[in-house]
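So the structure is just underneath, and the comments pick up after that.
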Amino acid sequence: MKDVVFSGIQPTGLIHVGNYLGAIRKWVALQDRHPCYYCVVDYHAITAPYDPADLPRRTLEAVAANVAAGLDPDRSVIFVQSQIPEHTELCWIFNAVTPVGELQRMTQYKDKARQRRESVNAGLLNYPILQAADILLYRGTLVPVGEDQAQHLEFAREVARRFNALYGETFPEPQVMLGDFPRVLALNDPAVKMSKSVPGSYIALTDEPETIREAVAKAVTDTGPRTGNEMSPGVKNLFDLLGAFSSPDTVRRFQQAYQDGSLRYVELKRVLADDLVSALEPVRRRYRELLARPDDIRDIVRNGADRARPVARATLAEVREKVGILRV
Ligand code: ADP
């Protein structure tokens with residue numbers, strides 16, 4: 001049986017190179033080989049403080065940015081989570097088979113709860129259950145994500161196992177698939193991952209050349225005296241980005257300079273910024289073209305929902321039956 005690919009992204013037009021190298025680049029590559037479902041998860045996004053007036057626009061921008069980055073609405077099912085109410089219905093059923101203790105142990109929950117002490121809502125705690133529902137609704141078996149999502153994937157496997165044990169074999173156990181760069185680090189703080197919630201940490205795929213150059217120029221490199229030949233996390237991160245966006249020759253040249261101690265970070269950053277600007281130029285252009293035609297983006301979302309809906313409905317009908325929900 002062919003693997004079914006499922007993955008999701010929160011709605012903000014700002015897709016950064018961490019998202020791209022950790023997840024989206026794999027999503028694009030998998031489209032030729034598998035049935036793929038890629039979902040903009042707006043119901044996940046409302047568990048964090050946000051502006052309701054802004055959410056519809058951000059949702060459309062997220063679709064546009066993903067398409068600009070290479071997702072193809074003809075080959076993949078690209079859709080918005082809230083268009084398919086079965087996600088939240090399955091989430092409720094999974095709520096009923098999930099021990100609260102397991103949710104409280106999730107690293108992402110603990111981190112986010114610590115950051116927003118006075119406003120921890122139940123949605124933040126139950127976030128991984130909705131994520132499990134997203135994947136299992138389509139019987140997803142392969143989930144390309146960054147390293148930060150590996151624990152949630154293990155949790156989704158546990159949900160599938162528990163449901164199957166209680167109600168009979170229904171769901172496959174989804175496998176995590178890590179991208180080539182599963183944890184791209186924040187440019188301004190290599191102790192944490194690049195994230196759109198940390199200003200100065202990221203380069204967005206749709207950033208203007210000047211913004212890209214500034215962010216790279218400010219990237220933290222060595223924080224203390226160099227010990228042996230071990231790269232500091234900040235320098236290794238820049239070399240990772242170089243590996244992803246520059247030619248093998250360029251990478252070799254800078255690696256050699258690093259080895260013999262002649263590397264100048266200014267030079268490394270200049271070349272990296274130039275290569276990022278030119279690699280991202282087509283994405284930026286496609287994104288701008290798409291945003292100029294919002295009706296086309298809406299069509300993509302509508303078509304995606306039309307393709308996702310029958311699969312979601314069939315899974316949920318089976319689940320309701322197994323759980324003993326009345327049918328009249
Ligand atoms: P963010 O953490 O920036 O809000 P999302 O939660 O929407 O991004 O994540 C979308 C995808 O991008 C997920 O698969 C996630 O694991 C991946 N991802 C996010 N940040 C990084 C990073 N710094 N390095 C690698 N992958 C990442």
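Just so you know, all these numbers are worked out from the coordinates, no wet-lab data involved. Not measured: the values here are computed from a predicted model. Please note: Cβ atoms are built from the backbone with ideal geometry, for glycine as well, and neighbour counts cover all protein chains shown.
Between the helical axis of 86-95 and the longest alpha-carbon principal axis of the chain there is an angle of about 80 degrees.
In units of the compact-protein estimate 2.2 N^0.38 Å, the chain shows a Cα radius of gyration of 1.06.
Beta bridges per DSSP, both residues in the chain: antiparallel share near 10 percent. Cross-link partners for LYS26 among the aspartates and glutamates, with Cα-Cα distance under 18 Å and sequence neighbours closer than 8 places in the same chain left out: ASP3, ASP72, ASP74, GLU147, ASP148, ASP180, ASP240. The calculated 222 nm mean residue ellipticity attributable to helices in the chain amounts to -17000 deg cm²/dmol, summing -39500 (n - 2.57) over DSSP H runs of n ≥ 4 and dividing by all residues. The magnitude of the dipole of the stretch 139-189, with charges of +1 and -1 set on the Cβ of Lys/Arg and Asp/Glu and taken from the Cα centre, is near 240 debye. Of the residues ALA65, ALA314, ALA132, the one that moves most in a GNM of the chain with alpha-carbon contacts below 10 Å is ALA314.
If you split all Cα-Cα distances of the stretch 209-287 into 10 Å bins from zero, what percentages do you get per bin, shortest first? Using 10 Å bins, I get a P(r) of 18, 51, 24, 6, 1 for the stretch 209-287.
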